[in-house]
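What follows is one structure encoded as structure tokens, with my remarks underneath.
We did not get these values from a lab; they are worked out from the coordinates using the rules stated. Remember, predicted model here, so these are calculated numbers, not experimental data. As a convention, Cβ positions derive from the backbone with ideal geometry for all residues, glycine included, and neighbour counts pool all protein chains shown.
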Amino acid sequence: GVWPEGYKGIGKPFAERYKLQRFGRGGFVAAALRTKTPIIPTAIVGAEETYPMIANSSVVARLLGLPYFPITPTFPLLGPLGLIPLPSKWFIHFGEPIHTDQFPDNAADDPMVVFDLTDRVREQIQQTLYRLLMQRSSVFG
């Protein structure tokens, strides 16, 4: 699997949960186009409550050479115990495959094709996230 948001997707504040970050330059789409592999948009609801990041210590992150250093309600306050995830119920939805075998062989080299397909995948996942969030009754069930 590929997570096109990269570290920005897991390093965002709790207030921005389930708002997809930019998908970069579409490397996953270019790879799928080159290999004629289908893209299966996958949306997960529940994961963003396990480690709710309330702050980022950029000074500590810089010292450790990390993209971010999360401050959660339990970490670093409780030390290693703060690394235990909070309980939440997860919903995982696999969308309809987006077939890439109908694109021309050189489609991966066309920035507009890559951008359009990347945007299509991102929008499909974001809409699925909104739908799943509306269906769940609480974080725990």
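Tabulated data for the structure shown
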{"quantity": "Residue list for the stretch 62-87, restricted to those being under 19 Å from ALA15 (Cβ atoms) and without any contact (Cβ under 8 Å) to a residue 24 or more places away in the chain", "calculated": "PHE69, ILE71, THR72, PRO73, THR74"}
{"quantity": "Subset of the stretch 110-141 that is among the polar types (S, T, N, Q) and touching a Pro at 6+ places or on another chain (Cβ under 9 Å) - its residue that is surrounded by the fewest Cβ atoms within 10 Å (Cβ to Cβ)", "calculated": "GLN124"}
{"quantity": "Lone qualifier among ALA47, ALA43 - being touching a helix residue (DSSP H, G or I) at 6+ places or on another chain (Cβ under 7 Å), in contact (Cβ under 8 Å) with a residue 12 or more places away in the chain and hydrophobic (A, V, I, L, M, F, W, C)", "calculated": "ALA43"}
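Residues are listed down the side, and each one gets a yes or a no for (1) out of contact with any Phe, Trp or Tyr (no Cβ under 9 Å at 6 or more places or on another chain); (2) at positive phi; (3) aliphatic (A, V, I, L, M):
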{"site": "LEU63", "(1), (2), (3)": "no, no, yes"}
{"site": "LEU78", "(1), (2), (3)": "yes, no, yes"}
{"site": "THR100", "(1), (2), (3)": "yes, no, no"}
{"site": "VAL114", "(1), (2), (3)": "yes, no, yes"}
